[in-house]
Amino acid sequence: MAADARLAPWRQRVEAALETALAASADTGSARLHAAMRHAVLSGGKRLRPLLVYAAGAATGADETLLTAPAVAVELVHAFSLVHDDLPAMDDDDLRRGRPTVHVAFDEATAILAGDALQALAFEVLAEAPVDAALRVAWLQSLARATGAAGMCGGQALDMEAGGRRIEVAELQQLHALKTGALIRSAVRMGALAGGAGPGVSARLDDYAAALGLAFQIRDDLLDIDGDSASLGKTAGKDQAQDKATYPALLGRDGAGAALAEQVARMRDALTGWPGDVGALEALAVLAVERRS
């Protein structure tokens, strides 16, 4: 698995499109709210999820011009989730991507509204995408399911319920398959939908995405132990301080490393023998498991 030269220009395209989407939404309403939305979105980040939209599109032969709307939408939902995740009622964090979190930089009520508005904007972007109506509906369905009680929000609820109690590894995997994995799977699925992927192709890509989601979370758990706040851009050691269920807490550091290697093998197996272009998907797998922040 090697680097892919397309990631940087795709990232630049996403940044420009996010700026455009936020600017278009700022014509009316509260200037403070719009400033909070910009603070949440335009503060750097890996842009893994929008890059996965493009990479899955490349793997299935999608027209690249179709992919910007779902790439922007999935990143807006991700940004909304981080704003709410950092709130005092949830993970209660003051630092995100090396900057004060939205509720610290503005206030808690503005942060809640900014998250709500970013989620609404994501679906507006998809609903207005210049593609066939059937594809728009399929994208909307995928992202909505990944965002709600059957996906990210449901996983966040399980994470909060698991705090301070002992859970089994299977329960932890289910928690993160929803909280982290659902949005990653939707990103891949939306790219594949643009490429007209059939059930067999979609199943292989979903297996890749599920493994990537778990690998990303395991690496996140390990970085919480090994990293520092300056390099992570968020508070290090927070999971242990809050007695949260994590892979190292359940399996030990070596066991978590072995679990990460298992997910890397799953991703490799899902892409082995692929008839199309999986270079970008392979590069993003490396990014997820070798990142330092």
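The values are calculated or read from the model by the stated rules, or taken from the named source; none is laboratory data. Just so it is clear, the structure is predicted and the values come from calculations on it, not from any experiment. FYI the Cβ positions are ideal-geometry reconstructions off the backbone, even for glycines, and counts take in every protein chain you see.
Looking at (1) within 17 Å of ALA21 (Cβ to Cβ); (2) small (Gly, Ala, Ser); (3) modelled with pLDDT of 95 or more, can you tell me which one ALA55 breaks?
(1)
Any residue at all in the stretch 124-142 that's crowded, with 23+ Cβ neighbours inside 10 Å and touching a Cys at 6+ places or on another chain (Cβ under 7 Å)?
Scanning the stretch 124-142, I find no residue that is crowded, with 23+ Cβ neighbours inside 10 Å and touching a Cys at 6+ places or on another chain (Cβ under 7 Å), so the answer is no.
Cβ-Cβ below 6 Å, separation at least six or inter-chain, first residue in the stretch 122-148 and farther than 18 Å from SER81 by Cβ, second among the basic types (Lys, Arg) and not in a loop (DSSP other than H, G, I, E, B): which pairs?
Cβ pairs passing all conditions: ALA129/ARG136.
When only residues in the stretch 98-115 that are among the hydrophobic types (A, V, I, L, M, F, W, C) and assigned to a helix (DSSP H, G or I) count, which is surrounded by the fewest Cβ atoms within 10 Å (Cβ to Cβ)?
Let us first name the residues in the stretch 98-115 that are among the hydrophobic types (A, V, I, L, M, F, W, C), namely 102, 104-106, 109, 111-114.
Among the residues that remain, those that are also assigned to a helix (DSSP H, G or I) are: 102, 104-105, 109, 111-114.
On the way: VAL102: 29, VAL104: 16, ALA105: 17, ALA109: 10, ALA111: 24, ILE112: 17, LEU113: 20, ALA114: 28.
The selected residue is ALA109.
Could you look through the stretch 262-293, keep only residues that are β-branched (Val, Ile, Thr) and part of a helix (DSSP H, G or I), and pick out the one that is surrounded by the fewest Cβ atoms within 10 Å (Cβ to Cβ)?
At the first step, the residues of the stretch 262-293 found to be β-branched (Val, Ile, Thr) are 264, 272, 278, 286, 289.
Keeping just the survivors that are part of a helix (DSSP H, G or I) gives 264, 286, 289.
On the way: VAL264: 19, VAL286: 15, VAL289: 19.
Checked the stretch 262-293; the qualifying residue surrounded by the fewest Cβ atoms within 10 Å (Cβ to Cβ) is VAL286.
Identify, from the list THR60, THR20, the residue that is at pLDDT 95 or above, more than 16 Å from the chain's Cα centre (by Cα) and more than 17 Å from ALA187 (Cα to Cα).
So the residue among THR60, THR20 that is at pLDDT 95 or above, more than 16 Å from the chain's Cα centre (by Cα) and more than 17 Å from ALA187 (Cα to Cα) is THR20.
Being at negative phi and part of a loop (DSSP other than H, G, I, E, B) is the filter here, so list the residues in the stretch 49-79 that pass it.
Matches in the stretch 49-79: THR60, ALA62, ASP63, LEU67.
If you scan the stretch 84-111, which residues turn out to be touching a Leu at 6+ places or on another chain (Cβ under 7 Å) and closer than 12 Å to MET37 by Cα?
Passing the criteria: THR101, HIS103, THR110, ALA111.
Test of understanding: among ASP224, ASP206, which residue is modelled with pLDDT under 90 and either assigned to a helix (DSSP H, G or I) or of a type in the set (D, E, K, R) (or both)?
Among ASP224, ASP206, only ASP224 is modelled with pLDDT under 90 and either assigned to a helix (DSSP H, G or I) or of a type in the set (D, E, K, R) (or both).
Among the residues of the stretch 186-209, what is the count of those that are over 22 Å from MET152 (Cα atoms) and touching a Leu at 6+ places or on another chain (Cβ under 6 Å)?
Pass one, the stretch 186-209, residues over 22 Å from MET152 (Cα atoms): 194-201.
Next, only the ones that are touching a Leu at 6+ places or on another chain (Cβ under 6 Å) stay: 194.
The total comes to 1.
Filter the stretch 31-47 down to the residues that are surrounded by fewer than 21 Cβ atoms within 10 Å (Cβ to Cβ), on the phi < 0 side of the Ramachandran plot and in contact (Cβ under 8 Å) with a residue 40 or more places away in the chain, then identify the one that is farthest from the chain's Cα centre (by Cα).
Out of the qualifying residues, it is ARG32.
From GLY181, GLY155, GLY148, GLY191, which residue is farther than 19 Å from LEU52 by Cα, buried (at least 18 other Cβ atoms within 10 Å of the Cβ), under 21 Å from the mean Cα position of the chain (by Cα) and among the small types (Gly, Ala, Ser)? Steps first, please.
Numbers: GLY181 fails: farther than 19 Å from LEU52 by Cα; GLY148 fails: buried (at least 18 other Cβ atoms within 10 Å of the Cβ); GLY191 fails: farther than 19 Å from LEU52 by Cα.
Exactly one of GLY181, GLY155, GLY148, GLY191 is farther than 19 Å from LEU52 by Cα, buried (at least 18 other Cβ atoms within 10 Å of the Cβ), under 21 Å from the mean Cα position of the chain (by Cα) and among the small types (Gly, Ala, Ser), namely GLY155.
Quick check, is THR20 of a type outside the set (Lys, Arg) and part of a loop (DSSP other than H, G, I, E, B)? Give the steps one after another, and end with the answer.
Values: of a type outside the set (Lys, Arg): yes; part of a loop (DSSP other than H, G, I, E, B): no.
Taking the combined requirement at face value, the residue does not satisfy it.
Just wondering, is there one or more residues in the stretch 1-11 that are under 28 Å from GLY276 (Cβ atoms), outside any helix (DSSP H, G or I) and touching a Phe, Trp or Tyr at 6+ places or on another chain (Cβ under 8 Å)?
The answer is yes, given that some residue of the stretch 1-11 is under 28 Å from GLY276 (Cβ atoms), outside any helix (DSSP H, G or I) and touching a Phe, Trp or Tyr at 6+ places or on another chain (Cβ under 8 Å).
How about the stretch 80-96: which of its residues are in a loop (DSSP other than H, G, I, E, B) and either crowded, with 17+ Cβ neighbours inside 10 Å or in contact with a strand residue (DSSP E or B) (Cβ under 7 Å, 6 or more places away or on another chain) (or both)?
Listed by number, the residues that qualify are ASP86, LEU87, ASP91, ASP93, ASP94.
Can you find, within the stretch 194-205, the residue that is nearest to VAL286 (Cα to Cα) among those that are surrounded by fewer than 16 Cβ atoms within 10 Å (Cβ to Cβ) and without any contact (Cβ under 8 Å) to a residue 40 or more places away in the chain?
Applying the filter and picking the extreme gives ALA203.
Which residue out of LEU251, LEU183, LEU214 is of a type in the set (A, V, I, L, M, F, W, C), out of contact with any Asp or Glu (no Cβ under 8 Å at 6 or more places or on another chain), part of a helix (DSSP H, G or I) and at pLDDT below 95?
Only one candidate passes the filter, namely LEU251.
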